[in-house]
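This report refers to the structure that appears directly beneath it.
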């Protein structure tokens with residue numbers, strides 16, 4: 001049994017507690033949060049778990065083998081560092097840390113102590129994304145040409161990070177999971193309408209050496225909630241609509257081909273519109289998959305799907321995007 005300690009019991013903490021408590025191979029020993037009023041309901045349903053306002057109890061408790069951190073981004077590095085130094089495996093809520101430097105320090109420490117460091121990029125464990133990975137790897141889409149994501153809604157405004165750091169990690173992690181190549185450059189723009197220097201609307205455009213282009217649209221100020229990704233290959237195209245309860249994935253047998261007309265010195269575009277089908281998707285709770293992968297990787301010494309290297313890639317893109325915004329949308333090499 002892997003002893004689990006959870007730090008942070010706000011929005012995500014109760015979900016983490018429930019999923020780790022449901023694992024047969026793990027036992028939640030303690031939960032820590034500075035706001036002890038958050039524990040009232042949970043302490044009744046989980047009487048065997050110790051609830052405390054002192055995170056130090058998590059680090060010093062010999063019954064705890066692994067620490068799960070679900071706190072604001074700016075605290076990730078400090079808390080993960082303490083956990084690793086105490087000899088605990090670590091699972092961190094996305095994004096991994098607030099900078100590349102912080103991520104690399106955590107990764108080096110985890111490697112030197114032979115401890116697991118994992119990032120909770122939950123979407124990688126959804127049935128839709130797992131099916132999307134299967135379709136992409138099969139070659140059905142052909143060579144990927146574009147990846148266009150929209151993640152917008154009204155709120156929740158964050159006080160410590162901008163909208164990209166809050167929302168874009170989901171779609172960046174999915175792209176990095178699907179594509180082996182690394183991007184070569186990006187441009188980003190954004191604006192703060194609250195005059196606090198924290199962008200509430202922002203966009204990233206990212207390019208790859210093989211011609212793939214990716215675009216991310218993030219906003220806290222949309223009247224509608226949209227969670228959508230369009231992926232185009234030279235054979236087929238896919239729509240991933242996370243707001244659709246029954247048909248999250250639609251595969252379009254649609255494409256185009258280009259031929260040159262030497263006589264007219266013009267391009268001829270041939271369009272193909274075929275069938276649309278909705279593949280069967282496994283119905284799973286993604287966070288249960290995260291919890292299982294974390295514990296299983298500790299027990300067996302394997303690499304989790306949402307590993308620390310993927311976590312670093314996401315933060316690298318976010319940091320470059322922030323730099324581009326500060327430089328009025330200038331291209332930043334990756």
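From Cα pairs below 8 angstrom and at least 6 apart in sequence, can you work out the relative contact order of the chain, rounded to a whole percent?
Once divided by the residue count of the chain, the mean separation gives 18 percent.
For the ranges 198-207, 295-304, what's the packing order if you count other beta-carbon atoms within 10 Å of each residue, average per peptide, and put the highest first?
Averaged packing, sorted descending, gives the order 198-207, 295-304.
Quick one: if you stick a label point 7 Å off each Cα along the C-beta vector at residue 158 and residue 99, how many nm between them?
1.7 nm
Given points 7 Å out from each Cα along the Cα-Cβ axis, report the residue 302 to residue 288 separation in nanometres with one decimal.
Reported label-point gap for residue 302 and residue 288 is 1.8 nm.
Sort 226, 2 by Cβ crowding within 10 Å, fewest neighbours at the top.
226, 2
Students often check this: by mean Cβ neighbours within 10 Å, which of 72-83, 42-53 ranks highest, and how do the rest follow?
With the highest mean Cβ count within 10 Å placed first, the list reads 72-83, 42-53.
Would you please calculate the Kirkwood hydrodynamic radius of segment 2-115 over all C-alpha pairs and express it in Å, rounded to one decimal?
14.1 Å
Which order results if 103, 185 are arranged by neighbouring Cβ count within 10 Å, fewest first?
185, 103
Can you work out the PRE-style zone for residue 257? Point 7 Å along Cα to Cβ, and I want the residues of segment 208-241 with backbone N under 20 Å.
Hits in segment 208-241 for residue 257 at 20 Å: 232-238.
Quote the convex hull volume per residue of segment 80-227, based on C-alpha atoms, as a whole number of Å³.
Roughly 140 Å³ of hull volume per residue.
So if each residue of separation counts as 0.36 nm, and I subtract the Cα-Cα distance between residue 243 and residue 137, what length gain in nm does that give?
Once the chain is fully extended between residue 243 and residue 137, it gains 35.7 nm.
Have a look at 117, 268, 106 and tell me which one the Gaussian network model of the chain (Cα, springs below 10 Å) gives the largest fluctuation.
268
Go ahead and set up a Gaussian network model of the chain, Cα springs under 10 Å, then flag whichever of 159, 291, 26 fluctuates most.
159
Using a 10 angstrom cutoff on alpha carbons, build the Gaussian network for the chain and name the most mobile of 208, 256, 146.
256
Of the DSSP beta bridges with both residues in the chain, give the percent that are antiparallel, rounding to the nearest 5.
60 percent
Quick check on the chain: helices-only [θ] at 222 nm, where DSSP H runs of length 4 and up contribute -39,500 (n - 2.57) each and the sum goes over total residues. Nearest 500, please.
Calculated mean residue ellipticity at 222 nm is -9500 deg cm²/dmol.
Working from Cα positions, state the angle (0 to 90°, nearest 10) between the long axis of helix 127-138 and the longest principal axis of the chain.
Helix 127-138 sits roughly 50 degrees off the main axis of the chain.
Sort 323, 145 by Cβ crowding within 10 Å, fewest neighbours at the top.
The order, fewest Cβ neighbours first, is 323, 145.
Classify segment 246-334 as rounded, prolate or oblate, taking a ≥ b ≥ c as the square roots of the eigenvalues of its Cα gyration tensor: rounded when a/c is under 1.5, otherwise prolate if a/b is larger than b/c and oblate if not.
Cα axes put segment 246-334 in the oblate bin.
Computed from the coordinates by the stated procedures, all read-outs in this text should not be read as laboratory data. Bear in mind the structure is a predicted one, so any value in this text is a computation, not a measurement. No Cβ is skipped: glycine too gets one built from the backbone with ideal geometry, and neighbour counts run over all protein chains shown.
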